[in-house]
Amino acid sequence: IINVSGSTALEGPNNYTGSTLVEGGSLDMILPTATTTGGLFLATNNASVSVHFSTPGSSLQASAATLGSSSADTTTLTIDLNGYGNVAKPVINATNGTGIVTANGTISVTINNPANITVGSIHLIKYTTLTGSGTSFTLNPIAGVTAAIVTNAANKSIDLSISQAPITTWTARISTNW
């Protein structure tokens, strides 16, 4: 739990259980590879959360999620893909309980280390029910990538929809190592 101001980092292997509450401060965490977290994920009162993939199969398992406490709130979510490209699991999987995602205010999303990203989708937040008021997901520009944040009602997820991405070409001009 982080209240009011300050910053906390959860580094190293992460398989704690319980809720993740960030109320006005900032949290920097490595996404767990285990599915044992399970509690509420809450980021309110202008909170900032940075998550880092440790493996392509990492995901924050939550029973529910709240982003922003009111339409005037701004929540910052920074996702470090760590060069894994289009990861298969949702960044935040809030379907391990009630599945309710409440999104209020502006949710500003930044994608870091997008190497190997391809045209397609990345599930940012998975839910069973989406609620909230005055919600606006904004995506900060990703160099060389054309993308938007979309609500995928059929899949019950908030997705990063990638319509254009750089193509990686290996020429072996410098070395034969890939």
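The values are calculated or read from the model by the stated rules, or taken from the named source; none is laboratory data. Computed from a prediction, not measured in an experiment: that's the story for all the values here. Because the Cβ atoms are built from the backbone with ideal geometry, glycine has one as well, and the counts that use them run over all protein chains shown. For the accessible areas, the whole protein counts, side chains as well, though only heavy atoms, and no ligand, DNA or RNA atoms are used. Shrake-Rupley method; radii C 1.70, N 1.55, O 1.52, S 1.80 Å.
Details
- Boolean, Ile92 is touching a Pro at 6+ places or on another chain (Cβ under 9 Å) and open to solvent by less than 20 Å² (accessible area, probe 1.4 Å): no
- Listed by first and then second residue, the pairs linking a residue in segment 106-120 that is touching a residue at least 24 places away in the same chain (Cβ under 8 Å) to a residue that is part of a strand (DSSP E or B) and surrounded by fewer than 15 Cβ atoms within 10 Å (Cβ to Cβ), with Cβ atoms under 7 Å apart and 6 or more places separating them unless they lie on different chains, are Thr106/Ser136; Thr106/Thr138; Ser108/Thr138; Val109/Thr138; Val119/Ser163; Val119/Gln164.
- The criterion of being within 17 Å of Ala47 (Cα to Cα) and out of contact with any Cys (no Cβ under 9 Å at 6 or more places or on another chain) holds for Ile79.
- Of residues in segment 22-76 being open to solvent by less than 10 Å² (accessible area, probe 1.4 Å), in a strand (DSSP E or B) and in contact with a Phe, Trp or Tyr (Cβ under 9 Å, 6 or more places away or on another chain), the one farthest from Gly134 (Cα to Cα): Leu60
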